Amino acid sequence: MKPYVYITRKLPQETLAELQEIAEVEMWMEEEKPVPRSILLEKANKAAGLLTMLSDRIDEELLRQAPYLKAVANLAVGFDNINVEASSKYGVTVCNTPDVLTDTTADLAFGLLMAAGRRITEAAEYIKDGKWNSWSPLLLAGTDIHHKTLGIVGMGRIGEAVARRASGFDMKVLYHNRRRKIETEERLGLSYRIFEDLLKESDYIVCLTPLTPETKDLFNEKAFKMMKDTALFINVSRGGVVVEEALDRALSEGWINGAGLDVFREEPINPDHPLLRHPNLTALPHIGSASTETRLKMARLAVSNIAHVLQGIKPPAAVNTGNHE
Ligand code: GLV
Ligand code: GLV
């Protein structure tokens, strides 16, 4: 009998071939709703592989009830929704989708930076709301991007790709990372700063750090107060790194100039959330890697990750060692 694999969201049929040859594959077919927890647990109970979204929680409770599970492949580079330590304990290989989404996510991060700086979404809403009555010198005037200082928090692959884009805009690029990266600094002309100094010196602060116990709530009241009152804060990583009440106050009380967020503590964010009332906040529905090309590559990679593990071969992108070695 072929091993059973459950996919928690509908993926294009054309991305599944590698897996369908060796497994019985089933998918959650509803486009608008994520798979309910009870169904996920039921499917996990017989699955050798789960292909998951970042909104699915893979925790000890699930792993305990999944006796045949060998692989969990997240359709994301981040995997804070998965308890990796418990997965290793249960012999489950956890996989993600790095590299294929690096440039696409960097494009969006830079787009959000530009939208925040030049008030692009605000201006677009202004015209569609019928408010454009005359041209005037400072109408919707934003902040320059070129020759400003960009501070990147989290210098992984996406951070490097954002830094490369910034050099085309003649920006000075600072970065903070848990581990200093001398070779990257030299290659891309970056300067390392401790976190506090990066906050104080940057005009644009872009957060790309993964969500871990160390980075949870990193952007709190103290952090926003350290930023320039002209600073723009961009978050393309995970909502959990930001204390949203603190950001709300920072925007209400003018500690910073504006923000661009692709991620929120709770997703989807409630439309009545206080953050969404700020005209100087650009909000996007977690679309960092959402280009058609990249999402297809991510789906193929996640499928390939599971197919490898089920065949006892080291998968292209594992984040733990599971039981395949
Ligand atoms: C998206 O947020 C990802 O982690 O890929
Ligand atoms: C994280 O994996 C990144 O690519 O920045």
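The values are calculated or read from the model by the stated rules, or taken from the named source; none is laboratory data. Since this is a predicted model, take the numbers as computed values, not measurements. We place every Cβ from the backbone using ideal geometry, glycine too, and count neighbours over all the protein chains shown.
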Go through the residues of region 130-145 one by one and say whether even a single one is crowded, with 17+ Cβ neighbours inside 10 Å, under 20 Å from N257 (Cβ atoms) and not hydroxyl-bearing (S, T, Y). yes
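Residues are listed down the side, and each one gets a yes or a no for (1) out of contact with any Leu (no Cβ under 9 Å at 6 or more places or on another chain); (2) buried (at least 20 other Cβ atoms within 10 Å of the Cβ):
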| position | (1), (2) |
| --- | --- |
| R238 | no, yes |
| L284 | no, no |
| S289 | no, yes |
| L301 | no, yes |
| L310 | no, yes |
| N320 | yes, no |
Just one of the numbered conditions (1) at negative phi; (2) not assigned by TED's automatic domain parsing to the domain that holds A73 is not true of R300; which one? (2)
Residue that is farthest from G258 (Cα to Cα), among those in region 177-207 that are touching a residue at least 24 places away in the same chain (Cβ under 8 Å) and hydroxyl-bearing (S, T, Y): T184
Being at positive phi and assigned by TED's automatic domain parsing to the domain that holds R179 is the requirement here; does G117 meet it? no
Out of I82, I7, which single residue is surrounded by 15 or more Cβ atoms within 10 Å (Cβ to Cβ) and within 16 Å of ligand 1 (Cβ to nearest atom)? I82
